[in-house]
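To start, the structure itself, in structure tokens.
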Amino acid sequence: MSVEQAAAALRGAQQVVVLSGAGMSAESGVPTFREAQSGLWEEFDPSRLATPEAWQADPPFVWAWYAWRVGLVRDVEPNDGHRALAALARTHDVTIVTQNVDDLHERAGSEVLAHIHGSLFEYRCGDCGVRYDAPVEVPSEPVERLDPPTCQACAGDVRPGVVWFGEDLPMDDFQASVEALESLTKGDVCLVVGTSGIVYPAAGMPAIARGAGATVVEINPHESDISDMCDIVVRGSAATTLPALVAALG
Ligand code: BV8
Ligand code: ZN
């Protein structure tokens, strides 16, 4: 029933803003932040690793984790959920805002307005901030430590181009996302896919869509911190629900 409700909401929508979280990529084989990590990283808590303090304390340790994640994302494919969103954009005005640092939306053919928590595939100097565009070595086997590249401008350590806990979001991306949500009106839809709704300010975005008059639809197999404020809740996974939703649109 809820897929039909969501399809009915989408049918009338002029604009659709998608807010995706780690659950969007789960069925591609990319672990979410809440799931236990695999292998070498099993005993480490991502929210302790994704911080400036962890980086300052031990750059090779944090760099090794990101290099492992780069390799993991390079080795997987977008799933049917990513592809369904790309298909939806052929009939609807779809704007994607993602918390994910992978490139699976893009590899499925979607345009992404904003990676509000940055990208695994962008790097910059941790000291002088200069972008680092040279190829990054990804070890074939997970390693516990790996020296980060050296900045060509100041010899500082190159860091991942992601937003760590306690760091500000990239202002342009964040601003563009808020503007897209605020531009929604009654009858439009905000699709919230695969996020626990725990991390702010991303978790506050569905409320902006609701405040603008849009219908908020959650696609998540489990309850999240934003389920209560969604108009329609579809308890299902991204890779099964999104294709069903697009198919129901006819
Ligand atoms: C900020 C990039 C202003 C890195 C990420 C104290 C000090 C400083 C800040 C704070 C503080 N207290 C609170 C804060 C704010 C903090 C915050 O919100 N903390 C939380 C923990 C309370 N936020 C920040 O720090 C942000 N910056 O506020 O700047 C500022 C500046 C200085 C001081 C104060 C404020 C920056 C946050 C960005 C952190 N970076 N990622 C990297 O990837 O390494 S966050 C990371 O976790 C993800 O990007 C994502 O956003 C977040 C949560 O992950 P989800 O995507 O939701 O995934 P999760 O695993 O949680 O859940 C998966 C969901 O999918 C589940 O619901 C599951 O049911 C569902 N699912 C599973 N399988 C499927 C599925 N769904 C569909 N299909 C499936 N198959
Ligand atoms: Zn530098």
message: Can you go through A108, A89 and tell me which one is without any contact (Cβ under 8 Å) to a residue 24 or more places away in the chain and surrounded by fewer than 23 Cβ atoms within 10 Å (Cβ to Cβ)?
response: A89
task: Working only within segment 120-149, note down all residues that are surrounded by 14 or more Cβ atoms within 10 Å (Cβ to Cβ) and outside any loop (DSSP other than H, G, I, E, B).
output: L120, F121, E122, Y123, R124, C125
Qualifying positions in segment 93-110 - out of contact with any strand residue (DSSP E or B) (no Cβ under 7 Å at 6 or more places or on another chain) and more than 13 Å from ligand 1 (Cβ to nearest atom): E106, R107, A108, G109
message: Residues that are more than 18 Å from the chain's Cα centre (by Cα), in a helix (DSSP H, G or I) and basic (K, R): does segment 183-198 have at least one?
response: no
field: Subset of segment 118-133 [of a type in the set (G, A, S) and within 13 Å of ligand 2 (Cβ to nearest atom)]
entry: G126, G129
query: From the list R74, R69, which residue is surrounded by fewer than 18 Cβ atoms within 10 Å (Cβ to Cβ) and either outside the structural domain of S183 (by TED's automatic domain parsing) or away from ligand 2 (no atom under 16 Å from the Cβ) (or both)?
result: R74
- prompt: Which residue pairs have Cβ atoms closer than 6 Å, lie 6 or more positions apart in sequence or on different chains, and pair a first residue in segment 188-212 that is assigned by TED's automatic domain parsing to the domain that holds G23 with a second residue that is acidic (D, E) and surrounded by 21 or more Cβ atoms within 10 Å (Cβ to Cβ)?
  reply: V192/E218
- line: Considering segment 155-179, residues that are within 16 Å of ligand 2 (Cβ to nearest atom) and surrounded by 13 or more Cβ atoms within 10 Å (Cβ to Cβ), and then whichever is farthest from L19 (Cα to Cα), we arrive at G156
query: Is it true that some residue in segment 233-245 is open to solvent by 40 Å² or more (accessible area, probe 1.4 Å) and either without any contact (Cβ under 8 Å) to a residue 12 or more places away in the chain or in contact with a Phe, Trp or Tyr (Cβ under 9 Å, 6 or more places away or on another chain) (or both)?
result: no
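The values are calculated or read from the model by the stated rules, or taken from the named source; none is laboratory data. Since this is a predicted model, take the numbers as computed values, not measurements. Cβ sites come from the backbone with ideal geometry, for glycine too, and all protein chains shown count toward neighbours. In case anyone asks, the SASA skips ligands and DNA or RNA and just uses the protein heavy atoms, side chains included. Shrake-Rupley method; radii C 1.70, N 1.55, O 1.52, S 1.80 Å.
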